[in-house]
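So the structure is just underneath, and the comments pick up after that.
The values are calculated or read from the model by the stated rules, or taken from the named source; none is laboratory data. All of these numbers come straight from a predicted model, not from anything done at the bench. These accessible areas exclude ligands, DNA and RNA; they are computed on the full protein's heavy atoms, side chains included. Shrake-Rupley method; radii C 1.70, N 1.55, O 1.52, S 1.80 Å.
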Amino acid sequence: MSTESIFQTHLVLGYVAWLLCFGVYILPLLTSMDSVKAHRAIAALHSFRFFGLVFLLPGVVSPNLPASFAAFAAYGDLAAGLLAMLALITVRIRPVFWLFVIAFNLVGMGDLVLDYYHAIQASLPARAEELGAAYAIPIIYVPLLMISHVFAFYLLLRPQPKAIQALAAELPVS
């Protein structure tokens with residue numbers, strides 16, 4: 001098999017494995033939580049995205065790793081991770097918390113989509129060995145991040161249960 005075929009197979013199987021795991025273990029847990037707790041759990045996962053800076057670390061990745069991919073991936077991950085941390089820090093100030101939840105999910109998902117674009121433009125799948133020790137990030141970590149972003153948007157956009165709508169209607173407006 002070619003390097004590109006192996007990388008693409010790994011990537012697809014990474015998504016399949018995480019979708020199976022997410023559906024069996026994570027989804028039931030997150031759907032049993034109230035919305036704030038579920039978003040806090042997702043933000044906690046994304047708070048580790050500072051690890052993406054490894055794409056800039058000589059000796060971990062090849063010096064031939066395309067800079068067009070490496071720099072954008074590294075700093076996009078850092079931005080998403082910092083926004084996720086800010087969401088966690090501001091959980092007691094709900095309007096600010098929700099702004100950071102929306103921000104880290106928009107920035108994070110945008111980063112991943114643009115990383116795929118940059119990787120394709122730089123022919124990274126055919127040169128996957130240049131990822132070096134960071135090879136596991138797009139294969140193991142990125143699928144979980146993308147799946148959790150999709151679920152976070154689902155939680156943000158889904159209609160609220162009638163009980164919550166009724167309770168909200170009873171609250172006094174100031």
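Laid out as a table, the results:
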| quantity | calculated |
| --- | --- |
| 1.4 Å probe accessible area per residue over the chain, in Å² | 56 |
| Most fluctuating residue given options Arg49, Arg127, Arg94, as computed from a GNM of the chain linking Cα atoms under 10 Å | Arg94 |
| GNM top mover of Gly110, Gly59, Gly132 - the chain, alpha-carbon springs below 10 Å | Gly59 |
| Over the chain: helical MRE at 222 nm, DSSP H runs n ≥ 4 each giving -39500 (n - 2.57), nearest 500 | -21500 deg cm²/dmol |
| Percent carbon-and-sulfur accessible area, the chain, ignoring ligands, DNA and RNA, probe 1.4 Å | 73 |
| P(r) of the stretch 31-127 over all Cα-Cα pairs, binned every 10 Å from zero, in whole percent | 17, 40, 26, 14, 3 |
